[in-house]
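Written below as structure tokens is the structure these notes are about.
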């Protein structure tokens, strides 16, 4: 029944610390005035208010995990007791329950449904959904009748009772309707009237005012609507004056681990921009120049590729590509002859294109080229004497405070990382056999949305490149189907004359867009663990939010 519940608090930071760090719940959306927690199939929002507010709510958990859940919770908080007991069995609901209170005084109940089993240890991912939400109002009968009119029945045969605790709902989900000053079970906390909002799974919303009056409305959230229309799975983050973020879908479908704001995602070809930044750093250090030729820098590997660093950066080199996106449609086909688990280093890609003929004369035109960035990665390794991924880590991830980013092996993904998913005839499989086992110079890094915001900020403030080199990187050198191109990124001039800089990446099970808006100095990043969806959502967010703050 419950899709999202919005509660209010005057202790927003303390509540965020309690639920995120003390209990370990995942935040899936946040801004300066609220944060949203994933609660299984439901979401719980705490929104900032000037007045203190106290509520009661319950979370469904598997019945067979009750003891594990109680132990897990008691290690993190003190459980409430009543008559010397810290648990109770409700025969009418065939459920066990225990209670605790958060920093705002909310009475939180974990209710274990004996009819529901789930294997494994108890974690926050074991929570099924929001089970109960209290509405405290002096207008019990009036509010109760209006909720009943929404086809949400009152439990029992007596109807709404003004002086009792009323349960409205079905199965394992109920609205608890009660008058003020009732003592909540397993606490000394009295029920109080405060505003709240309940969004039902069918999109209807129940609003309760600060006076306890009922308001019903249809929820309107164009961004969420777009996510649902496209079955989006991932995270969107807009770093503006008041930062905004939202996550949806599962990072791990088998275990129903939800995507969260701090989840890592692959970004496919979006990583090419990191390669370009490192090349520009080496040019600044006079270790190479933009006019150096590949055949001179790596004569034993590419003796016939008389193309410049500049041409490789701008996709105008004409060298053969191991995956020509204008000719080939399925990246996964590459690994039918050469196993993807053998693609672990930059040099592993050399046999895929070294002996192929040039596609056109260097500098003749723009033609997006993955192999060109593999060649740049090999140049970086040759100049620095270090493995490409170590160079990017030292020169970009560390100074830009991208603490959660890296080039992780698919068979050794760290925690809080999303698996990429490929849809086939309504079913899903991971992309573990569809992309190289480890990313490199032409793609395959993993990042978080916060790390991408840090990257753009440290790039633009002169930390990663000098002002002169940055301006050189951001010039237009070529034009392709997706617009003008600089060194490793797309460039678009907006109506106000300012520029929008854009990087993107697509692989099986990966879609990614990240944009920097010069006029607003804002960053929009959309990460997805599906093969599409990031671009469409980024466009929707841009239309609704950029320039509106």
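Among the residues making up region 420-460, those that are touching a strand residue (DSSP E or B) at 6+ places or on another chain (Cβ under 9 Å) and in a strand (DSSP E or B) are 421, 422, 423, 428, 429, 430, 443, 446, 447.
Only one of the numbered conditions (1) in a strand (DSSP E or B); (2) in contact (Cβ under 8 Å) with a residue 12 or more places away in the chain is violated by residue 492, and that is (2). A count restricted to region 72-97 and to residues that are over 21 Å from residue 169 (Cα atoms) and part of a strand (DSSP E or B) stands at 3. In the condition set (1) in contact (Cβ under 8 Å) with a residue 40 or more places away in the chain; (2) assigned to a helix (DSSP H, G or I), residue 401 is compliant with all but (2). In the condition set (1) closer than 22 Å to residue 127 by Cα; (2) crowded, with 18+ Cβ neighbours inside 10 Å, residue 12 is compliant with all but (1).
Does residue 104 meet the test of being part of a strand (DSSP E or B) and either free of Cβ contacts under 8 Å to residues at least 60 places away in the same chain or crowded, with 19+ Cβ neighbours inside 10 Å (or both)? So residue 104 fails the test. Screening 349, 323, 274 for residues that are assigned to a helix (DSSP H, G or I), in the same structural domain as residue 410 (by TED's automatic domain parsing), at pLDDT below 95 and under 16 Å from residue 372 (Cβ atoms) leaves exactly one candidate, 349.
Within region 461-481, the set of residues being in a loop (DSSP other than H, G, I, E, B) and out of contact with any strand residue (DSSP E or B) (no Cβ under 6 Å at 6 or more places or on another chain) comprises 461, 462, 463, 464, 465, 466, 474, 475, 477, 481.
Listed here are the residues, each with its yes/no results for (1) more than 24 Å from residue 2 (Cβ to Cβ); (2) touching a residue at least 60 places away in the same chain (Cβ under 8 Å); (3) touching a strand residue (DSSP E or B) at 6+ places or on another chain (Cβ under 7 Å).
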| residue | (1), (2), (3) |
| --- | --- |
| 47 | no, no, yes |
| 54 | no, yes, no |
| 63 | no, no, yes |
| 77 | no, no, yes |
| 81 | yes, yes, no |
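May I ask you to list the residues in region 254-271 that are modelled with pLDDT under 90 and at negative phi? Those that are modelled with pLDDT under 90 and at negative phi: 254, 255, 257, 258. Given the structure, is residue 426 crowded, with 22+ Cβ neighbours inside 10 Å and either more than 21 Å from residue 371 (Cα to Cα) or not assigned by TED's automatic domain parsing to the domain that holds residue 317 (or both)? Answer is no for this residue.
The values are calculated or read from the model by the stated rules, or taken from the named source; none is laboratory data. Worth saying up front: this structure is predicted, and the values here are computed from it rather than measured. Glycine also receives a Cβ, built like all others from the backbone with ideal geometry; neighbour counts cover every protein chain displayed.
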